[in-house]
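Worksheet: one structure, shown below.
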Amino acid sequence: MEKNAPAESRLAYFILPLLALAAAIGLWQLAVSAFALPHYVLPSPKLVLDTLIADRALLANSLLVTLKTTALALIIATIAGVLLAILLASSRFAEYTLFPFAVILQVTPLIAIAPILLIYLEPNTAVLVCACIVAFFPVLSNTVLGLTSIDRNLSDLFTLYGANSLKTLLWLRIPSALPYFLGGLRIAGGLALIGAVAAEIAAGVAGRGSGLAYRIVESSYRLNVPRMFAALLLISLAGIAIFALLNVLQYLVLRRWHESTLRADQ
Amino acid sequence: MPAAAPSLSRQNSPLAAFHDVGKRFPNGVTALEDLNLTIRAGEFLSLLGPSGCGKSTALRLLAGLTSPSSGNIEWNDRSAAREIGFVFQEPTLMPWASVENNVRLPLRLKGMSGRAADLRIDEALALVGLSEFRNAYPRELSGGMRMRVSIARALVTQPKLLLMDEPFASLDEISRFRLNDDLRMLWNRLGCTIVFVTHSVFESVYLSSRILMFTPRPGKIAAEFEIVAPEPREGNFRTSPEYGAKCREVSAALASVMGER
């Protein structure tokens with residue numbers, strides 16, 4: 001936002017996107033009625049909303065499954081990513097040995113890994129592992145970058161006062177890495193959801209999943225297009241919620257000291 | 001001027017000496033060559049010279065942050081080698097920690113905590129006039145105040161030797177003058193030895209009891225000046241004819257050092 005933005009423009013900041021969204025939905029509704037599109041081609045927003053309400057028990061259950069997978073994957077990826085980052089940042093040997101594996105996991109498209117994982121793991125576990133794999137890399141690479149981007153003078157100061165490597169890690173490296181880590185976590189949150197959804201679709205054929213992506217696949221087999229849209233809407237909302245949540249977390253952790261949380265008028 | 005110069009009496013015994021110290025970096029740059037100098041206990045010594053003449057390297061050698069490629073540094077008082085405060089060109093504060101916790105860092109690293117540490121912190125903050133800002137964060141402070149925090153952090157361990165690497169170079173002139181005055185006051189009061197690296201003739205003449213002038217790289221001592229002036233210097237010294245004359249003398253020497261190359 002601009003410095004000293006007048007109240008109207010601040011209002012516009014929130015209202016304009018909402019208006020644009022409302023206009024798009026209105027246009028969609030109009031198009032469906034004007035061209036009398038059948039609901040199996042394009043359901044109207046009204047129908048999607050009705051389906052969302054009518055199927056709420058089923059969809060809520062699926063939403064919960066997807067969210068659980070995403071959250072669990074994010075937690076595992078965060079713990080593993082941070083621990084490995086600390087290892088890589090403290091030893092060149094470990095970095096040279098292990099980092100290539102992380103890169104290979106990162107650059108190989110998940111959708112290609114999923115079917116292979118499904119051979120060895122039962123579907124729910126495979127979905128979780130897929131989501132972990134994609135969420136893991138941004139946490140790892142950002143945290144490594146943060147742990148190694150320390151102020152040289154501060155590092156000298158720690159040396160001057162005889163700090164051992166544990167104290168340097170706890171009081172210098174980890175706090176320095178925090179903004180980088182949180183940036184990585186924000187990316188990882190979105191990717192964990194994408195990973196969970198992609199893997200659910202790959203596993204969907206096995207017929208044991210019950211997450212939102214599985215609902216989409218199942219509904220497409222039944223030509224239940226409104227339910228596909230309803231499930232898609234929930235996935236989008238889940239993504240927005242995760243993003244917002246991690247943004248709030250980042251703000252709360254960094255607000256007192258980091259430049260990124262400075263407002264223009266401070 | 002006897003009563004006005006308590007510091008002169010403590011400037012006799014050597015604290016540390018460089019003997020033929022050389023420093024060559026892995027990239028082939030020779031920062032220092034056959035450097036010989038003595039630091040006297042209790043003096044305010046300025047190392048003056050052009051950028052890149054190795055004066056900062058000399059300071060880092062003294063702090064033990066790097067070791068000489070040749071020659072050696074002899075300490076008359078071994079304990080002084082371990083009781084060093086260092087102030088960098090930048091304030092170099094931890095942005096995630098409050099003023100108080102930044103100042104606390106050296107004590108924490110040395111394993112000092114509790115009431116004793118709190119007292120030291122109170123004292124150090126009072127010395128730099130920042131007692132009211134103990135809970136502030138670095139980004140909330142001005143450049144001059146950040147530098148004060150940095151000085152408080154260096155003083156909190158009550159070092160025998162305070163090393164300062166162009167600490168005021170990036171400050172505006174008003175803040176710099178005030179900090180110069182405060183630093184003189186602190187030196188008179190605390191009785192520690194200060195080695196101050198600067199490229200400003202005016203600053204070094206104002207602050208120091210002695211100036212060592214470096215040649216361009218590889219750095220050697222080109223000239224030495226004793227600055228004798230009434231203590232305390234705050235106020236009148238900066239506008240006195242003696243100050244002007246000394247600045248002219250040092251500037252001329254610096255010009256000839258630079259001209260030789």
Task: Occluded residues from region B:104-121, i.e. those whose accessible area drops by 10 Å² or more once the chain is not alone (1.4 Å probe) - done: B:Leu105, B:Pro106, B:Arg108, B:Leu109, B:Lys110
Open item on the list: Using a Cα-Cα cut-off of under 20 Å, which lysines could be cross-linked to B:Lys23, ignoring same-chain neighbours fewer than 8 residues away?
Closed with: B:Lys55, B:Lys220
Task: Drop in accessible area of at least 20 Å² in the complex versus isolated chain, residues of region A:169-183, 1.4 Å probe - done: A:Trp171, A:Pro175
Open item on the list: Using only the alpha-carbon atoms, how far is helix B:173-190 inclined from the longest principal axis of chain B? Give it as 0 to 90 degrees, nearest 10.
Closed with: 80 degrees
TODO: Taking chain B as the reference, fit the longest principal axis to its C-alpha atoms, fit the long axis of helix B:99-109 to the helix C-alpha atoms, and give the angle between the two in degrees, 0 to 90, nearest 10.
DONE: 70 degrees
Task: Scattering curve values for region A:1-110, log₁₀ I(q)/I(0), Debye with Cα scatterers, q = 0.17, 0.19, 0.22, 0.23 Å⁻¹ - done: -0.93, -0.99, -1.13, -1.18
TODO: Would you look at the GNM of chain B, springs on alpha carbons closer than 10 Å, and say which of B:Asn180, B:Asn72, B:Asn135 moves the most?
DONE: B:Asn135
TODO: Roll a 1.4 angstrom probe over the protein heavy atoms and tell me the percent of accessible area of the protein assembly as shown that is carbon or sulfur.
DONE: 62 percent
Task: Buried area at the B-A interface (accessible, heavy atoms, 1.4 Å probe, summed, Å²) - done: 2200 Å²
- [ ] Using only Cα positions of the protein assembly as shown, each an equal point scatterer, no hydration layer, compute I(q)/I(0) via Debye at q = 0.09 Å⁻¹ and quote the log10 values to two decimals.
- [x] -0.80
Open item on the list: What does the net charge come to around B:Ser98 if you take all other residues with beta carbon closer than 15 Å to its beta carbon, with K and R at +1 and D and E at -1?
Closed with: +4
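Please work out the average accessible area per residue across region A:54-184, using the 1.4 Å probe convention, and give it in Å².
I get 50 Å² per residue for region A:54-184.
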Open item on the list: Using +1 at the C-beta of Lys and Arg and -1 at the C-beta of Asp and Glu, which of B:Asn188, B:Leu45, A:Leu121 has the Cα lying farthest in the positive direction of the dipole of the protein assembly as shown?
Closed with: A:Leu121
Open item on the list: Whole angstrom only: what separates the Cα centroid of region B:11-78 from the Cα centroid of region A:60-129?
Closed with: 52 Å
Task: Helix B:241-259 vs. chain B, principal-axis angle (Cα, 0 to 90°, nearest 10) - done: 60 degrees
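Express as a percent, rounded to the nearest 5, the fraction of DSSP beta bridges in the protein assembly as shown (both residues included) that run antiparallel.
45 percent
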TODO: Name the helices (complete DSSP H segments) of chain A with a Cα length along the long axis of 27 Å or more and a Kyte-Doolittle mean of at least 0.0, or state none.
DONE: A:7-34, A:56-90, A:123-148, A:174-203, A:225-254
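How large is the convex hull of the C-alpha atoms of chain A per residue, in Å³?
162 Å³
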- [ ] For chain A, calculate the relative contact order in percent as a whole number, restricting contacts to Cα pairs under 8 Å that are 6 or more residues apart.
- [x] 26 percent
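Mind checking the alpha-carbon convex hull of region B:84-162 and giving the volume per residue in Å³? Write out the running numbers ahead of the final one.
Details: hull volume 6.6 nm³, N = 79.
Here the figure is 84 Å³ per residue.
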Open item on the list: Let me confirm one metric for peptide A:216-225, namely the mean number of other chain beta-carbon atoms within 10 Å of its residues' beta-carbons.
Closed with: 0
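The values are calculated or read from the model by the stated rules, or taken from the named source; none is laboratory data. The structure displayed is predicted, hence computed values, not measured ones. No Cβ is skipped: glycine too gets one built from the backbone with ideal geometry, and neighbour counts run over all protein chains shown. Just so you know, the surface numbers come from the protein's heavy atoms only, side chains and all, with ligands and any DNA or RNA stripped out. Shrake-Rupley method; radii C 1.70, N 1.55, O 1.52, S 1.80 Å.
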